[in-house]
């Protein structure tokens, strides 16, 4: 079907496709660096796994250097319509030096900032509280040893400073998201003490004020993890309360909740108490396995909630998955485009008609409309978006992905 025919079909339902395309073009997605190298990073001191984080598989083409990773990212951004961001972890420094985590400075990430400026990208940032000898107990900011806590507090302080400098250099606020793997494998005797230590450590990290025009603080919860099955110190309830009290963003990661929970349902609930939200979009399979996102019900519901509740202007959308069994560049491209496709479908819904039916308790009409619009020609509108943005689709996209994979296959 042609775009003009699709435009007319949506107009019959009172939907303006041009307005939807305009809005979609203005929604940045923060693509995560760690998909490209299986969450290894470029530290000379570490390069160890930990924190319950593991990418399985050994597909050829893993990026081994910052230059290789940037080349892969640039290729992917060329296949993703719109202007987007890069989410960088602190273990991805680009320097000949060997600073420990409590010694990093903006200079160790300056090549990333220069590259982002050339690419027209915004940057987001994350302290790395895992894959380090001082995190081997699965305790960092809540560790009973003051010296270990001080080490990680200093790391957190430095990442906030780096994030602020990134935001200033690029002219767009850098979200600095804190996630720690802290918890216990078996049932603890005292849950209150480590949570108090975590709260005090977070307060120390965020004590110095930063300009919100340059950086935003976010905190991220988790249900449980490998090695912390019995108790996760930074639970959803802990961070929800902390974010409300301290005025930070709350990060909702789709893989960090019970498999039967609907994370989309949480958006409007927390939005009543928070100014801004950070999303990490993932696809959990038997909990937090971080599969590449599909255009499935969970993603569609997340996008629908963002649009229906008018939360797009208050929500930072980032991705968080890593799969080493497939082409890493293909994973980035398909995952990011699926997030955009879900947003487009949400933007093309006849919300006024649906709300009117619901508000008059006409659930039959709500159901009929919800089901009938599933047959509308969304693909034609997406194809028009890709054409206007000058990116490949369909068979051409597959060919581009396959050719690039052949270029990097020799990396081993």
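Of all beta bridges that DSSP places with both ends in region 157-262, some 20 percent have antiparallel geometry. Computed extension gain for residue 56 through residue 285, at 0.36 nm per residue and net of the alpha carbon distance, reaches 81.1 nm.
Counted residue by residue at 0.36 nm each, then reduced by the alpha carbon distance between them, the extension gain from residue 295 to residue 388 reaches 31.3 nm.
For the chain, the 222 nm mean residue ellipticity estimated from helices alone, with every DSSP H stretch of n ≥ 4 adding -39500 (n - 2.57) and the total spread over all residues, rounds to -13500 deg cm²/dmol. Simple spin-label estimate for residue 189 and residue 118 gives 5.7 nm between the two label positions (7 Å along the Cα-to-Cβ direction from each Cα). Here the calculated FRET efficiency for residue 353 and residue 326, from their Cβ-Cβ distance with R0 = 56 Å, stands at 0.90, rounded to the nearest 0.05.
Note on the chain: with a GNM built from Cα contacts shorter than 10 Å, the maximum mean-square fluctuation among 353, 337, 283 falls on 353. Label separation (residue 402 vs residue 22): 4.0 nm, computed from points 7 Å beyond Cα along the C-beta direction. For region 27-349, relative contact order (Cα pairs under 8 Å, six or more residues apart, normalised by length) works out to 20 percent. What shape does region 140-218 take by its C-alpha gyration tensor, where a ≥ b ≥ c are the square roots of the eigenvalues and a/c under 1.5 counts as rounded, a/b above b/c as prolate, and the rest as oblate? The shape class here is prolate.
Of the candidates 373, 104, 226, which one comes out as most mobile in a Gaussian network treatment of the chain with C-alpha springs shorter than 10 Å? Highest fluctuation among the options: 373. Once the Cβ-Cβ distance of residue 245 and residue 133 is raised to the sixth power relative to R0 = 30 Å, the FRET efficiency obtained is 0.40. Computed over the chain with a Gaussian network model linking Cα atoms closer than 10 Å, the most mobile of 156, 234, 57 is 57. Put in line by how crowded their Cβ is, counting other Cβ atoms within 10 Å and starting with the fewest, 115, 13, 332, 179 read 13, 115, 179, 332. Report, in whole Å, the centroid distance computed from the Cα atoms of region 176-249 and region 274-294. One Cα centre to the other: 18 Å. As a proxy for reagent exposure, 221, 289, 273 were ordered by neighbouring Cβ count within 10 angstrom, fewest first; the result is 273, 289, 221. Computed extension length for residue 367-residue 379: 2.1 nm, one decimal, from 0.36 nm per residue of separation with the Cα-Cα distance subtracted. By the count of neighbouring beta-carbon atoms within 10 Å, fewest first, 142, 235, 98 end up ordered 98, 235, 142.
With the simple spin-label model, which puts each label point 7 Å out from Cα in the Cβ direction, the residue 258 to residue 100 separation comes to 4.1 nm.
Determine the distance separating the Cα centre of region 4-27 from the Cα centre of region 313-328; give it in Å without decimals. Taking the Cα centre of region 313-328 as reference, the centre of region 4-27 is 26 Å away.
Here, each number is a calculation from the coordinates, and none is a lab measurement. If you're wondering where the values come from, they're calculated on a predicted model, not measured in any experiment. Positions of Cβ are backbone-derived with ideal geometry, glycine not excepted, and every protein chain shown enters the neighbour counts.
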